[in-house]
Every structure is written in C-alpha cells, then in structure tokens.
Amino acid sequence: MSATEPWICPTCAIRVTTPFCPMCGESPLRPPDLTLRGIGAKVLHAATSIDGRLLRTFWALLRHPGELTVAHLNGKRMPYVPPFQLFLIANAFFFAMQSLTDTQIFGSTLVSHLYHQDWSPLARSLVAERVAKLRTDLPQYTSTFDRAAVINAKSLIILMVVPFTLVLWMTFLRARKPFVTFVYFSLHLYTFLLLLFSLALAVAAIEMRLGGLGLASPVVDNLLSIINLGLCGGYVFLALKPVFGSRGITRLVKAAAMALAAGLIVPGYRFAIFLITLYTA
C-alpha cells in the first residue's frame, strides 16, 4: 500500500487519503510492520532517536549553560528533551549511582540525623516522642525509617527546585520574565547538580576503593562540597547572561548568591525529608 492510497484508520474507523490520519496521527499498517525485521527496525529507530535527543540535550546543558533554557523559551523544543523530563532522568541516574555506591546524600539514615547533623539535638527529641507514640523501639523504628527515607528522598526531590525557583524569581523580579523562565532555569540547574552529585559519588567510591572513608571522611566530604558549590556558582554565572542578560559585577554577585541559595537548600531538603519520614513512617 502506498502512502497516498486510500486506507481505513483502525483507530478512528474513517477513510484516509494522506500518509497519516488527520484525527489521531495513525499511519497505515504495512506488511513489513508485522515481521521481526520490521519490529527490529522500529526498535532501532526509537532507541537511536531517544538516545540522540537525550545526548544532544545533555551536551547543550553542560557545554552551553543557559542556552537550553533559552531554546525552550523561544519554542525550540523538538531537538531537546523537555526540562522536567530531563530532570527526572538525571534524578533516576543519581539514585542509581547512590545504589551502586551504597551512599545516601539526601535520604540520610536515622543514625545520621540523630548524631551527625546540625539538627541532631532536635531530632533526638522528636524521634523519642515518635517512638513512644508508636509504641515501638528504636532499632525497629530505625529500620522502617531508613527504608522510607530513601523512597521519600527519591520521589520528593522536586521540592528542592521549588524554593530555588522562588528565590530566583525574587532576585530577577525587575526582569519581567514569564514565570516559566525561572522554572526552566531551576530545572536545568538542578539537572546539572544531580549529575554533579553523581560524579561526586563516583569520586568518593574510588577514594574508598583506595582505602579511604569516602563521604564518611570530613575532609573528602568538605572538599567535594566546596568543589560542587564552586561549580554550581560557575554554572549559574555562565547561564545568567543568555537567560537574563546579566553582566559585570552584578552578574557575579547574583551568581554567588544563587549558588549559596542552592547550597543551603540541600541541608534544608535533607531536614525536610527527615520530618516527612518521621511523621509518615
């Protein structure tokens, strides 16, 4: 059957004289479509199309900070993965890296909250009340908490984007940009940060292989945190010009402020996950 030969759309049950149904976009079924070779060709085409688009998107994200945000704002969307979908892909990759390295950055264990965080005194008080209310013991509750914390940290990570978007919006309030500008910028920044955190996990894992303590070492943890914060600031600095037209010392100051905000949101998110898990687990 040629593309112009009349055919009946199996979905809409209407007569069509074009290559695609004008109602649903369906195309006519051809004999090769029902063969293994035809199926293989479709799978290969789908895989290469998705991978090519994804790689192109990540390349633009990493090589030209801010340009991906501008592209979506200007309606150039077909060559790239949408911002939210890209964020979810980076999130999945990040948590896969956490599983491979057996290290948790956001879904900290209950022991970590009780003894190794700035809010540990408050955490001990809240946990004691929660354990008493549930009529359980700490070891049993610890197991339940740790499992739930990992799930919550993975499923709620979008919460980090929300406060940063608001801070960014308030910082550039006079720019009179559509609010979606700040949403896209934040999603792209946190996609970059998730990739950066994944790289940090890999570095920490290698350090452990060499006999070190990984992120359990204050030196390694602090060093990687400083590097991540610096790279975050550099990314924001480069992205501000194409998206907001920022220049000069103002651009530098705003980039530093945004990097600091992103850095403060990380422990804030970790504490939020503690509270959410505490009262839902």
Failed criterion for residue 280 (all others in (1) of a type in the set (Val, Ile, Thr); (2) in contact (Cβ under 8 Å) with a residue 12 or more places away in the chain; (3) assigned to a helix (DSSP H, G or I); (4) within 24 Å of residue 163 (Cα to Cα) hold): (3)
Single match in 71, 96 (criterion: over 21 Å from residue 186 (Cα atoms), assigned to a helix (DSSP H, G or I) and out of contact with any strand residue (DSSP E or B) (no Cβ under 6 Å at 6 or more places or on another chain)): 96
From 171, 136, residue being closer than 26 Å to residue 104 by Cα, among the polar types (S, T, N, Q) and more than 18 Å from the chain's Cα centre (by Cα): 136
Only listed residue being surrounded by 14 or more Cβ atoms within 10 Å (Cβ to Cβ), within 23 Å of residue 107 (Cβ to Cβ) and in contact with a Leu (Cβ under 8 Å, 6 or more places away or on another chain), chosen from 255, 272, 281: 272
Residues that are buried (at least 17 other Cβ atoms within 10 Å of the Cβ) and of a type outside the set (A, V, I, L, M), drawn from the stretch 69-98: 69, 72, 80, 83, 87, 91, 94, 95, 98
The one condition in (1) in contact with a Phe, Trp or Tyr (Cβ under 7 Å, 6 or more places away or on another chain); (2) closer than 18 Å to residue 150 by Cβ; (3) of a type outside the set (Phe, Trp, Tyr) that residue 96 fails to fulfil: (1)
Meets criteria (free of Cβ contacts under 8 Å to residues at least 40 places away in the same chain, in the same structural domain as residue 165 (by TED's automatic domain parsing) and surrounded by fewer than 13 Cβ atoms within 10 Å (Cβ to Cβ)) for residue 125: yes
Top-ranked residue of the stretch 216-235 - restricted to ones that are farther than 13 Å from residue 263 by Cα and modelled with pLDDT under 95, ranked as surrounded by the most Cβ atoms within 10 Å (Cβ to Cβ): 220
Selection within the stretch 99-113 - buried (at least 17 other Cβ atoms within 10 Å of the Cβ) and farther than 22 Å from residue 195 by Cα: 110, 112, 113
Pairs with Cβ under 9 Å, 6+ apart, first in the stretch 76-99 and among the charged types (D, E, K, R) and at pLDDT below 90, second exposed (fewer than 14 other Cβ atoms within 10 Å of the Cβ) and assigned to a helix (DSSP H, G or I): none
Residue check for residue 66: exposed (fewer than 12 other Cβ atoms within 10 Å of the Cβ) and closer than 26 Å to residue 237 by Cα: no
Odd one out for residue 260 among (1) free of Cβ contacts under 8 Å to residues at least 40 places away in the same chain; (2) crowded, with 17+ Cβ neighbours inside 10 Å: (2)
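One line per residue, one yes/no per condition, for (1) aromatic (Phe, Trp, Tyr); (2) in contact with a Phe, Trp or Tyr (Cβ under 8 Å, 6 or more places away or on another chain); (3) crowded, with 19+ Cβ neighbours inside 10 Å:
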residue: 204; (1), (2), (3): no, no, yes
residue: 211; (1), (2), (3): no, no, no
residue: 214; (1), (2), (3): no, no, yes
residue: 237; (1), (2), (3): yes, no, yes
residue: 243; (1), (2), (3): no, yes, yes
residue: 247; (1), (2), (3): no, no, no
residue: 251; (1), (2), (3): no, yes, no
Residues (in a loop (DSSP other than H, G, I, E, B) and charged (D, E, K, R)) located in the stretch 241-263: 247
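The values are calculated or read from the model by the stated rules, or taken from the named source; none is laboratory data. All of these numbers come straight from a predicted model, not from anything done at the bench. Ideal geometry is used to build each Cβ from the backbone, glycine not excepted, and the neighbour counts take in all protein chains shown.
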